[in-house]
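**Student:** Before I ask anything, here is the structure I am working with.
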């Protein structure tokens with residue numbers, strides 16, 4: 001079974017309960033001895049490791065038990081730059097803190113894709129922004145980016161309201177949102193919430209400082225509306 005490791009929690013001295021996702025499934029299993037650095041399965045200790053697992057069942061035990069694991073993709077292969085490490089940590093934290101079990105099961109293919117994108121050199125901020133927007137949409141926060149959310153006009157879009165949920169036109173703005181985002185940033189926001197993969201964002205050459213500004217705003221929105229503080233985001237935002 002192909003899966004992605006999300007978290008590893010110590011169970012006994014060298015054993016751990018591992019949380020993972022596979023296609024359409026979120027689950028946990030017992031991995032004996034993996035906290036021993038000499039264990040043949042020690043490499044699955046790293047979150048977002050992609051592995052092929054073989055598990056066994058016991059009627060008298062709550063969890064499946066790991067029989068064998070082979071590494072398909074390790075995040076250690078992506079850590080040639082600090083930015084990629086920060087991206088991996090933030091993606092994992094978004095999954096663990098912002099999604100319920102059913103939502104986690106839906107995101108398996110998307111996680112595989114963003115890991116592949118990081119490996120292939122797609123800009124780390126594009127990957128993070130895409131995945132953050134995807135998590136928000138899965139959590140029920142889809143923003144209106146096709147027209148003004150108040151009057152439905154597609155003309156003279158001048159602002160974006162996180163509180164109200166999308167684009168605002170000049171007639172409805174009343175001076176509240178005009179100054180937060182430039183025209184280029186508004187175009188990127190539309191692309192961000194319409195994108196099907198992080199590579200879609202590479203067609204828009206928005207400067208890095210604007211992307212960090214958007215990430216900061218999304219992280220604040222998640223804190224205000226989901227009650228989740230994303231600690232790993234500070235590696236990027238500071």
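The values are calculated or read from the model by the stated rules, or taken from the named source; none is laboratory data. The structure displayed is predicted, hence computed values, not measured ones. Cβ: placed from backbone, ideal geometry, glycine included. Neighbour counts: every protein chain shown.
**Student:** Find the residue count for region 168-218, including only residues that are assigned to a helix (DSSP H, G or I) and touching a strand residue (DSSP E or B) at 6+ places or on another chain (Cβ under 7 Å). It would help to see each step written out before you state the result.
**Tutor:** Pass one, region 168-218, residues assigned to a helix (DSSP H, G or I): 170-173, 183-194, 198-203, 208-218.
With touching a strand residue (DSSP E or B) at 6+ places or on another chain (Cβ under 7 Å) added as a condition, the list becomes 170, 173, 186, 189.
Selection size over region 168-218: 4.
**Student:** Residue under question is residue 228, and the condition is that it be assigned to a loop (DSSP other than H, G, I, E, B) and closer than 23 Å to residue 90 by Cβ; does it hold?
**Tutor:** The answer is yes for residue 228.
**Student:** Looking at residue 75, is it in contact with a helix residue (DSSP H, G or I) (Cβ under 9 Å, 6 or more places away or on another chain) and at pLDDT below 90?
**Tutor:** Details: in contact with a helix residue (DSSP H, G or I) (Cβ under 9 Å, 6 or more places away or on another chain): yes; at pLDDT below 90: yes.
Yes.
**Student:** Moving to a separate point now. Criterion first (modelled with pLDDT of 95 or more, surrounded by 15 or more Cβ atoms within 10 Å (Cβ to Cβ) and part of a loop (DSSP other than H, G, I, E, B)) does residue 35 satisfy it?
**Tutor:** Numbers: modelled with pLDDT of 95 or more: no; surrounded by 15 or more Cβ atoms within 10 Å (Cβ to Cβ): yes; part of a loop (DSSP other than H, G, I, E, B): yes.
Spelling it out, it is not the case that residue 35 is modelled with pLDDT of 95 or more, surrounded by 15 or more Cβ atoms within 10 Å (Cβ to Cβ) and part of a loop (DSSP other than H, G, I, E, B).
**Student:** Would you check if there is a residue in region 153-162 being crowded, with 18+ Cβ neighbours inside 10 Å, without any contact (Cβ under 8 Å) to a residue 24 or more places away in the chain and on the phi > 0 side of the Ramachandran plot?
**Tutor:** Checking region 153-162: not a single residue is crowded, with 18+ Cβ neighbours inside 10 Å, without any contact (Cβ under 8 Å) to a residue 24 or more places away in the chain and on the phi > 0 side of the Ramachandran plot.
**Student:** Against the definition (surrounded by 19 or more Cβ atoms within 10 Å (Cβ to Cβ), assigned by TED's automatic domain parsing to the domain that holds residue 218 and over 26 Å from the mean Cα position of the chain (by Cα)), how does residue 148 come out, yes or no? Even if it seems obvious, please write down each step before you answer.
**Tutor:** On the way: surrounded by 19 or more Cβ atoms within 10 Å (Cβ to Cβ): yes; assigned by TED's automatic domain parsing to the domain that holds residue 218: no; over 26 Å from the mean Cα position of the chain (by Cα): yes.
When the stated conditions are applied, residue 148 does not pass them.
**Student:** Can I ask one more? Kindly indicate which of 167, 130 is buried (at least 20 other Cβ atoms within 10 Å of the Cβ) and over 25 Å from residue 26 (Cβ atoms). Spell out the reasoning first.
**Tutor:** On the way: 130 fails: over 25 Å from residue 26 (Cβ atoms).
The unique qualifying residue is 167.
Quick grid of which residues meet (1) modelled with pLDDT under 95; (2) over 26 Å from residue 107 (Cβ atoms):
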{"site": "148", "(1), (2)": "no, yes"}
{"site": "153", "(1), (2)": "no, yes"}
{"site": "161", "(1), (2)": "yes, yes"}
{"site": "173", "(1), (2)": "yes, yes"}
{"site": "181", "(1), (2)": "yes, yes"}
{"site": "199", "(1), (2)": "yes, no"}
{"site": "207", "(1), (2)": "yes, yes"}
{"site": "215", "(1), (2)": "no, no"}
{"site": "223", "(1), (2)": "no, no"}
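**Student:** Considering region 140-167 alone, what residues qualify as being under 25 Å from residue 103 (Cβ atoms), in contact with a helix residue (DSSP H, G or I) (Cβ under 8 Å, 6 or more places away or on another chain) and part of a strand (DSSP E or B)?
**Tutor:** The answer is 160, and nothing else.
**Student:** Got at least one residue in region 97-115 being buried (at least 22 other Cβ atoms within 10 Å of the Cβ), assigned by TED's automatic domain parsing to the domain that holds residue 229, touching a residue at least 24 places away in the same chain (Cβ under 8 Å) and under 19 Å from residue 204 (Cβ atoms)?
**Tutor:** Yes.
**Student:** Let me ask another. Looking at region 4-18, which of the residues that are free of Cβ contacts under 8 Å to residues at least 60 places away in the same chain and not in a loop (DSSP other than H, G, I, E, B) is farthest from residue 108 (Cα to Cα)? Working first, answer last.
**Tutor:** Step one: filter region 4-18 for residues free of Cβ contacts under 8 Å to residues at least 60 places away in the same chain, giving 5, 8-18.
Add one more test, that the residue is not in a loop (DSSP other than H, G, I, E, B), and what stays is 5, 8-10, 16-18.
Details: 5: 11, 8: 18, 9: 21, 10: 24, 16: 22, 17: 20, 18: 16 Å.
Restricting to residues being free of Cβ contacts under 8 Å to residues at least 60 places away in the same chain and not in a loop (DSSP other than H, G, I, E, B), the top hit is 10.
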